[in-house]
Amino acid sequence: MNVITRIVATPLLAIALQSGFAAHAAKPVSDTAIAHTASTVTTADGVQLYYKDWGPKDGPVVTFSHGWPLNSDSWESQMIFLAGKGYRVVAHDRRGHGRSSQPWDGNDMDHYADDLAAVIETLDLKDVTLVGFSTGGGEVARYIGRHGTERVKKAVLVSAVPPLMLQTADNPGGLLLEVFDGIRKASLENRAQLYLDLASGPFYGFNRTGAKVSQGLIDSWRSQGMQAGHKNTYDSIAAFSATDFREDLKKFDVPTLVIHGDDDQIVPIDISGKASAAQIKGAKLIIYPGAPHGLTDTHKDRFNQDLLEFLKD
């Protein structure tokens, strides 16, 4: 049984799949921000997105899309590393997360992708390498599916949720709906405890025999999660689990790197990293033996070097 299942899986009968499993919206919302400051972009639907913009403004651009229920702070190890190498690195807090607004509606992949587009368009970023971790990998995939690659040079999917996490008739290897219903139930009952359980257990592989546990990482993960809106993170469970990215992956036409740990207990590699690499034409897959879901921290030195080499190619 999957570790997430053992921690939180209790069926929640009243929960529907929500909008995360829906097909693309008819058309993207406007990518043009209605307001812009040194650290915020306000989208056409009035959501204020916090962002970081580090490194030289004339450097090659890398954007980072974070995982659930975190924020851009989760990318600091990569951002300070690349900024020190001359790259311009940009990361925003997803709507409903971190220091961004907490809208009641719009907590779905289409809006996430359009928000990323708003940041890219507003800052006029070009030849961008899009890097997405976990849920952020879905955001990157949906961005390419909805907005194309005119401003994109390369893409990187790390421990990412595409192509589709949920088990369906045409995705029999996916995880059962009861797994995600269990996460929703645990979130409603005591999300602070849920976040503590995930961070101290399967996310970083700290539940494995012999694992070197970092209380600092656990505390940071939980703190970031609790900064996010309760409704936003609740809705986002459907967004990352039930959104079908298979059509989005067909639209990838830029060099793509897929990195995944083979001991990922959150997003199993067979239904995600391996499947995405097989579906994206020309994608390169790097598997980290024994690495957990949160490899951007547990294996950050190797990951940073692999990312740098891909950027330099």
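Computed from the coordinates by the stated procedures, all read-outs in this text should not be read as laboratory data. Here the structure is a predicted model, which is why all the values come from computation and not from measurement. Neighbour counts run over all protein chains shown; Cβ positions are idealised from the backbone, glycine included.
Look at the dipole of the chain built from charges on Cβ: of TRP75, PRO172, PHE245, the Cα furthest out on the positive end belongs to TRP75.
Separation of the range 205-247 and the range 275-313, taken as the distance between their Cα centroids, equals 19 angstrom.
Normalised by 2.2 N^0.38 Å, where N is the number of residues, the alpha-carbon radius of gyration of the range 45-156 equals 0.96. Per-residue ellipticity at 222 nm, computed for the chain from helices alone with -39500 (n - 2.57) per DSSP H run of at least four residues, works out to -11500 deg cm²/dmol. Extent of the range 3-312 along its three principal axes (Cα atoms, max minus min coordinate, largest first): 49, 40, 37 Å. Of the residues GLN215, GLN227, GLN167, the one that moves most in a GNM of the chain with alpha-carbon contacts below 10 Å is GLN215.
How large is log10 I(q)/I(0) at q = 0.11, 0.13 Å⁻¹ when the Debye formula is applied to the Cα atoms of the range 157-313, each weighted equally and without solvent? The Cα Debye sum returns log10 ratios of -0.47, -0.67. Once the mean of 1/r is taken over each pair of separate Cα atoms and inverted, the range 43-111 shows a Kirkwood hydrodynamic radius of 12.7 Å.
Other residues with beta-carbon under 13 Å from the beta-carbon of ALA192 carry, at +1 per Lys or Arg and -1 per Asp or Glu, a net charge of -1. Once the Kirkwood radius over Cα pairs is known for the range 205-281, the Stokes-Einstein relation at 4 °C and 1.567 mPa s delivers a diffusion coefficient of 84 µm²/s.
Peptides 248-257, 38-47, 154-163, 71-80 ranked from most to least packed by the mean count of surrounding Cβ atoms within 10 Å: 154-163, 71-80, 248-257, 38-47. Database remark: amide H of ALA291 closer than 5 angstrom to the amide H of ASP262, ASP263 (H placed geometrically; neighbours at sequence offset of 5 or more, or on other chains; Pro and chain starts carry no H).
Give, in nm to one decimal, the length gained when the segment between LYS212 and LYS57 is fully stretched (0.36 nm per residue of separation minus the Cα-Cα distance).
On the way: separation 155, 0.36 × 155 = 55.80 nm, distance 3.79 nm.
Taking LYS212 through LYS57 to full extension adds about 52.0 nm, to one decimal.
What are the semi-axes of the equivalent ellipsoid for the range 112-220, taken as the square roots of 5 times the Cα gyration tensor eigenvalues, largest first, in whole Å? Show your work: numbers first, answer last.
Values: eigenvalues 183, 76, 41 Å².
They are 30, 20, 14 Å, listed largest first.
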